[in-house]
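A short write-up of the structure that comes next.
The values are calculated or read from the model by the stated rules, or taken from the named source; none is laboratory data. Being a predicted model, the structure only gives us computed values, none of them experimental. In this analysis, Cβ positions are derived from the backbone assuming ideal geometry, glycine residues included, and neighbour counts consider all displayed protein chains.
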Amino acid sequence: MADELVIFEQKPAANYLIAGWRRQWSNGGRISSGLPRYLIEKLSAKKIGELGPQVSTMCYPFQVAGTHDAFRPVAAFQEGLPSESMHRENYFFDGGNGLIIFLGEEPWYRLDLYVQGFIEAIKELGIKQTVAVEGVNGPAPPDLERRITCAYSKATMKEDLERFGLQFSSYGSDGRRGPTIGMALVSMAHFEYPDIEMFRLGAMAPLYPLLSSNNQQLGITRDHRSFYDIMRRLNAMFDLTIDLNELKSLADVESRELQTNLEKLSDSSREARQVIEQVRAEYSYTPFEQRVELDPALDQTLEDILRNLPGSSDRD
């Protein structure tokens, strides 16, 4: 039906949703568009549904002057004959083991309608928690763990989130600032959908105010270290078992390449060296170390062993 906000072909058992957006403002390091796409491909995730035709009709322009086809809907032809109807890509995928992945297009209009459809999908699938992944570009040493900031929709979530090496955002508290799509969803969940648990994780992808020898700004376009540092946390939060070794390998290669270029520039320019050294001195992050949770029965067994060791009574 044309007025449907969400359409599902299947509704698998689901607990958690990881969401990102293409063509959006907060996509530094291609984190918001790239991380969901990486997970979809790695997990061979199957498309199970999408935001419906009313969202596609009401939330986007056909075009913006001077942008060619950047904002037009997707279309396809075969030998001159239309092979696909025009559509927007706001898709839900089943990643298995209770994980749903969403990859969408940031809305231009009617945010209320877009969010209504998104929340309706969460409720239909029975999702317990939803995370929006986003990124910003900024001066960050490539060899260090990425800074991960967090905003969340319910006060009761904070105690649990504090265990995962996050910096809680005070974005907009010191002056007017417009929200990202992830922040907007968290804000609307808090004020309008209080039964929904949603949070936003934002990572800083390295981008320096310096140019390479071929006049390219020094940074990492698709920052797999940000992917890795976000997924380490989500694996632990959601009890996932996604293998992150490939992400770590890709991250190490990218970080070494940028570090090498920074060192070359530092050797040839005193001004560049000062900038690079200042970035390292001022950079801060909250490290994440995954805790090992012992089974209560095993914990009691270890305690009994320690208590019965020779001389243990002398230490009481």
- Of all residues in region 245-290, which are in contact with a Leu (Cβ under 7 Å, 6 or more places away or on another chain), assigned to a helix (DSSP H, G or I) and of a type in the set (S, T, N, Q)? N261
- Message: What's the number of the only condition in (1) surrounded by fewer than 17 Cβ atoms within 10 Å (Cβ to Cβ); (2) under 13 Å from the mean Cα position of the chain (by Cα); (3) outside any helix (DSSP H, G or I) that N214 fails to meet?
- Response: (2)
- Task: Might you let me know whether region 167-176 holds any residue that is assigned to a strand (DSSP E or B) and in contact with a Leu (Cβ under 9 Å, 6 or more places away or on another chain)?
- Result: yes
- Among (1) modelled with pLDDT of 95 or more; (2) surrounded by 15 or more Cβ atoms within 10 Å (Cβ to Cβ); (3) not in a helix (DSSP H, G or I), where does Y60 come up short? (1)
- Of all residues in region 225-242 being outside any helix (DSSP H, G or I) and either free of Cβ contacts under 8 Å to residues at least 60 places away in the same chain or of a type in the set (A, V, I, L, M) (or both), the one that is farthest from T130 (Cα to Cα): I242
- Query: Of the residues that make up region 189-201, is at least one crowded, with 17+ Cβ neighbours inside 10 Å, under 24 Å from F102 (Cα atoms), of a type outside the set (A, V, I, L, M, F, W, C) and without any contact (Cβ under 8 Å) to a residue 12 or more places away in the chain?
  - Reply: no
- Note on the structure: When region 246-291 is checked residue by residue, the ones that are more than 17 Å from H224 (Cα to Cα) and among the aliphatic types (A, V, I, L, M) are L262, L265, A272, V275, I276, V279, A281
- Item | 1 or more residues over 20 Å from E192 (Cβ atoms) and touching a residue at least 24 places away in the same chain (Cβ under 8 Å): qualifying strands (runs of 3 or more DSSP E) within region 74-132 | 81-87, 91-96, 99-105
- Exclusive hit being more than 16 Å from the chain's Cα centre (by Cα), surrounded by fewer than 16 Cβ atoms within 10 Å (Cβ to Cβ) and of a type in the set (A, V, I, L, M), set A140, A155: A155
- Task: Could you tell me whether K248 is of a type in the set (K, R) and either modelled with pLDDT under 95 or in contact with a strand residue (DSSP E or B) (Cβ under 6 Å, 6 or more places away or on another chain) (or both)?
- Result: no
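For region 102-112, indicate whether the set of residues that are farther than 28 Å from L210 by Cα, aromatic (F, W, Y) and either surrounded by fewer than 18 Cβ atoms within 10 Å (Cβ to Cβ) or modelled with pLDDT under 95 (or both) is non-empty.
Looking for residues that are farther than 28 Å from L210 by Cα, aromatic (F, W, Y) and either surrounded by fewer than 18 Cβ atoms within 10 Å (Cβ to Cβ) or modelled with pLDDT under 95 (or both), one finds at least one in region 102-112, hence yes.
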- Limited to region 1-31, what total is found for residues that are farther than 23 Å from G126 by Cα and either assigned to a helix (DSSP H, G or I) or touching a helix residue (DSSP H, G or I) at 6+ places or on another chain (Cβ under 7 Å) (or both)? 9
- Task: Looking at (1) assigned to a helix (DSSP H, G or I); (2) more than 23 Å from Y38 (Cα to Cα); (3) of a type in the set (D, E), find the lone condition where D195 falls short.
- Result: (1)
- What number of residues in region 40-53 are in contact with a helix residue (DSSP H, G or I) (Cβ under 8 Å, 6 or more places away or on another chain), in contact (Cβ under 8 Å) with a residue 60 or more places away in the chain and not basic (K, R)? 3
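Out of the residues in region 118-135 that are of a type in the set (G, A, S) and surrounded by 22 or more Cβ atoms within 10 Å (Cβ to Cβ), which is nearest to E105 (Cα to Cα)? Reasoning before the result, please.
Residues of region 118-135 that are of a type in the set (G, A, S), as a first pass: 121, 126, 132, 135.
Those left that are additionally surrounded by 22 or more Cβ atoms within 10 Å (Cβ to Cβ): 121, 132, 135.
Values: A121: 16, A132: 13, G135: 15 Å.
Step by step, filter region 118-135, then rank; the result is A132.
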- Note on the structure: Of those in region 219-230 that are of a type outside the set (S, T, Y) and surrounded by 20 or more Cβ atoms within 10 Å (Cβ to Cβ), the residue nearest to S170 (Cα to Cα) is I230
